[in-house]
Amino acid sequence: MTFSIGGKVILGTATGQAIITPIHLAPNPATATAATPEVVNIVRALMTLSTSSPSSGITISQAVQDKAKALGTSTNIQSLDSAGLLGIVSSLDSTKTSLVTAAAATLHMSDSVYITYAGPWSGTWAGNAPTKSGTWQVTISSTGTVSGTVPGVGSVSGSLVNGTSYSGTAGSSTWSGAINLVTGEFSGTWVDGSYSGTFTGKAS
C-alpha cells in the first residue's frame, strides 16, 4: 500500500501490517533505522506540517491535504534534498519557511519506536561456546534501554540507538544487532573472547 498526503505527496509504500511507521516505508525497511535518510525526510515533512505537537501525535490539516491533491504532479519526497523538501512543504503551507531539523526528526522517530515496541522480548542464542546454546529474556523500556538476563551467562545491559540498532553486553560477552520492524525479529551476533555466535527472538 502507498502512503501519501493528498495522493500527490508520496511518503512511501509498505506491506500491510498492524503497525506501520516511516521506517517501514524506507526502500529497505528490514535494515532501516530512524537515521536512514529516506525515513528522516518523511518525518521532517510530517513534523513540519503537523498542526499538533508531534509529541502528542502528528495531524495533517484538511487544508494541507486539499493543496496536495491540487498539485499537478506526484512527488516522492524520500530522495529530495533539504531545499526540495522545503519547497514541497511550503507549497502545502506557505507559513512553513523552515524544516524541523534532521536531528529532531531522528530523535522523534527513535522515541516513537521505543514507546511502540517497549515490553518483554525473549529468544534463543547459539554459538561455539562450551555451552552451545541457551535462552535470553529482556525488557525494552520506553526510552530504549534494554535489560534482562541470559541464564548461565549473565545480566543484560544495553540500549537501542536510532530506534532499531542494538548494542550491549550479557555477562562478559558483547551483543550487537537490530530489531527488524518488518518481521518483528530481534536478532544479531555476540562475541566473548574467542567464542562467538548469534541470537534471535521476538516480543513475548
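The values are calculated or read from the model by the stated rules, or taken from the named source; none is laboratory data. Computed from a prediction, not measured in an experiment: that's the story for all the values here. Cβ coordinates were reconstructed from backbone atoms using ideal geometry, including for glycine residues, and neighbour counts include every protein chain displayed.
A few remarks follow.
- Test: Gly16 is farther than 27 Å from Ser176 by Cβ, out of contact with any Leu (no Cβ under 6 Å at 6 or more places or on another chain), not assigned by TED's automatic domain parsing to the domain that holds Ser142 and not in a helix (DSSP H, G or I): yes
- First in region 76-94 and within 16 Å of Ser50 (Cα to Cα) and touching a residue at least 12 places away in the same chain (Cβ under 8 Å), second anywhere and basic (Lys, Arg) and in a helix (DSSP H, G or I), Cβ under 6 Å, 6 or more apart: Leu92/Lys67
- Qualifying positions in region 63-93 - among the polar types (S, T, N, Q), surrounded by 13 or more Cβ atoms within 10 Å (Cβ to Cβ) and either assigned to a loop (DSSP other than H, G, I, E, B) or under 24 Å from the mean Cα position of the chain (by Cα) (or both): Ser74, Thr75, Asn76, Gln78, Ser82
- Residue identified as out of contact with any Cys (no Cβ under 9 Å at 6 or more places or on another chain), farther than 26 Å from Gly177 by Cα and modelled with pLDDT of 95 or more among Ala70, Ala118, Ala104: Ala70
For (1) at pLDDT 95 or above; (2) in contact with a Ser or Thr (Cβ under 7 Å, 6 or more places away or on another chain); (3) over 30 Å from Glu185 (Cα atoms), each residue gets a yes or a no:
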{"site": "Thr13", "(1), (2), (3)": "yes, yes, no"}
{"site": "Gly16", "(1), (2), (3)": "no, no, no"}
{"site": "Ala26", "(1), (2), (3)": "yes, yes, no"}
{"site": "Ala34", "(1), (2), (3)": "yes, yes, no"}
{"site": "Ser91", "(1), (2), (3)": "yes, no, yes"}
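- Matching residues in region 135-157 - criterion: being touching a Phe, Trp or Tyr at 6+ places or on another chain (Cβ under 8 Å) and at positive phi: Gly144, Gly148
- Residues (buried (at least 20 other Cβ atoms within 10 Å of the Cβ), farther than 19 Å from Leu85 by Cα and touching a strand residue (DSSP E or B) at 6+ places or on another chain (Cβ under 7 Å)) located in region 1-51: Thr33
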